[in-house]
Amino acid sequence: MTRWGILATGHIAARFVEDLRLLPDAEVVAVGSRSVDAARLFADHHDIPRAYGSWAELAADDEVDVVYVATPHAAHFDATMTCLEAGRAVLCEKPFTLDLATSTTLIETARARDVFLMEAMWMRCNPTVLRVLDLIAEGAIGSVTAIQAAFGVSGPFPPEHRMRAKSLGGGALLDLGVYPISLAHVVLGRPDHVRSWAKISPEGVDENTGIIFGYDSGAVASLSCGMVGETPLTGTITGTTGRIELSTPFFRPAGATVYRAGAEPELLPAELVGNGYQYEAAEVQRCLAAGLKESPLVPHAVTLDVMDLLDGIRTQIGVTYP
């Protein structure tokens with residue numbers, strides 16, 4: 001049985017706890033927040049035995065095997081570091097931190113302390129995505145030539161909202177753009193060329209961002225993210241002999257359709273139980289049982305690679321954080 005601690009009490013934390021109930025070998029034993037009242041309310045609602053009014057108290061609980069960090073991303077570094085320094089394994093929500101330097105520090109700390117650490121990029125653990133990657137490797141659509149993916153929400157968000165506040169790491173890129181970027185990365189790897197443009201908000205964060213990845217193989221990825229209009233949340237992977245369309249939303253697809261030249265479309269249905277977070281939780285538990293310190297599905301190198309790309313794009317579009 002893997003004993004989970006939950007750090008933060010927001011919407012995503014609640015959905016993650018719901019999905020942990022789907023795993024027979026998972027147990028939620030504690031929750032921690034900066035507010036003891038918030039922690040107790042969350043614990044009561046989700047039938048969690050212990051509630052703590054600080055991150056440090058949660059991290060110090062020796063009956064917790066792994067902590068899920070679900071704070072807004074501006075707090076990921078401090079929250080995760082608190083757990084790692086206490087010797088606690090961590091699954092930290094995406095984006096891992098606000099920049100490559102702090103992400104590197106967390107990973108170096110985990111390695112130095114011999115503690116498991118993984119970014120919660122659930123798309124890389126999704127059964128449909130894994131099946132699609134297998135099909136591509138088998139040559140089902142030939143050589144990949146293009147990827148299209150967009151993640152846009154309509155808003156509007158007030159200036160103090162985490163999506164717009166610079167002090168909270170606001171902007172579309174880190175919150176939403178990490179998904180289309182990760183789709184391109186999981187299929188084609190790190191691009192050889194990156195070009196980007198963004199509409200910047202009065203607060204100094206990106207409202208609407210377009211990104212082009214170019215690969216020396218000749219492949220391209222056309223990606224976008226924004227908080228000024230809702231996109232279909234589709235993802236398409238095109239190859240020389242066909243294409244694969246991930247069902248909406250592409251980062252948590254319940255299925256896919258394979259279009260091969262001269263053949264009828266092939267549906268890849270998948271029964272997506274719950275919210276879809278249990279797959280990354282199951283991967284964490286598998287790694288812990290095997291004594292691994294990082295996941296082969298979401299390895300540290302990939303987390304750092306994607307964060308490096310995000311840093312480079314932010315430089316191109318002129319977004320900085322305090």
Quiz item: Under 30 Å Cα-Cα from Lys293, which lysines qualify once same-chain neighbours fewer than 8 residues away are excluded?
Solution: Lys94
Practice problem: Round to the nearest 10 and report in Å² the accessible area of Leu130, as given by a 1.4 Å probe over the protein chains' heavy atoms. | Solution: 50 Å²
Practice problem: Calculate the length of the line joining the C-alpha centroid of segment 173-207 to that of segment 224-260, in whole Å. | Solution: 16 Å
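Would you be so kind as to identify all helices of the chain, as entire DSSP H runs, whose Cα atoms reach 20 Å or more along the helix's own axis and whose mean Kyte-Doolittle hydropathy is at least -0.5?
What comes out of the filter, once short or polar helices are dropped, is 300-317.
Considering Cα pairs under 8 angstrom that are at least six residues apart, work out the relative contact order of the chain and quote it in whole percent.
18 percent
Counting Lys and Arg as +1 and Asp and Glu as -1, what is the net charge of the other residues whose Cβ lies under 11 Å from the Cβ of Thr102?
Details: positive: none; negative: Asp78, Asp99, Glu108, Asp311.
For residues surrounding Thr102, the net value is -4.
Mind ranking Leu173, Leu22, Leu133 by accessible surface for me, highest first, 1.4 Å probe?
The ordering from most to least exposed comes out as Leu22, Leu133, Leu173.
Rounded, prolate or oblate: which one fits segment 89-156, using the alpha carbon gyration tensor with axes a ≥ b ≥ c (rounded when a/c is under 1.5, else prolate when a/b beats b/c, else oblate)?
Because a/c hits 1.5 or more and a/b fails to exceed b/c, segment 89-156 counts as oblate.
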Quiz item: Where both partners of a DSSP beta bridge lie in the chain, what percent of those bridges are antiparallel, to the nearest 5?
Solution: 55 percent
Quiz item: Rounded if a/c is under 1.5, else prolate if a/b is larger than b/c, else oblate: which is segment 1-70, with a ≥ b ≥ c the root eigenvalues of its Cα gyration tensor?
Solution: oblate
Exercise. Evaluate the distance, in nm, between pseudo-label points positioned 7 Å from the Cα of Arg21 and of Thr320 along their respective Cα→Cβ axes.
Key: 4.7 nm
Quiz prompt | Rounded accessible area of His193 (nearest 10 Å², 1.4 Å probe) | solution = 90 Å²
Quiz prompt | Surface per residue (accessible, 1.4 Å probe) for the chain, Å² | solution = 41 Å²
Quiz item: In a shell of Cβ-Cβ distance under 13 Å around Ala184, excluding Ala184 itself, what net charge do Lys and Arg (+1) and Asp and Glu (-1) give?
Solution: 0
Exercise. Quote the accessible area belonging to Ser182 in square angstrom, nearest 10, computed with a 1.4 Å probe and with ligands, DNA and RNA left uncounted.
Key: 10 Å²
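The values are calculated or read from the model by the stated rules, or taken from the named source; none is laboratory data. Note that the coordinates shown come from a computational prediction; the quantities given were computed from them, not determined experimentally. Heads up, the Cβs are rebuilt from the backbone with ideal geometry, glycines too, and the neighbour counts pull from every protein chain shown. Quick note on the areas: whole protein, heavy atoms, side chains included, nothing else; ligands and nucleic acids left out. Shrake-Rupley method; radii C 1.70, N 1.55, O 1.52, S 1.80 Å.
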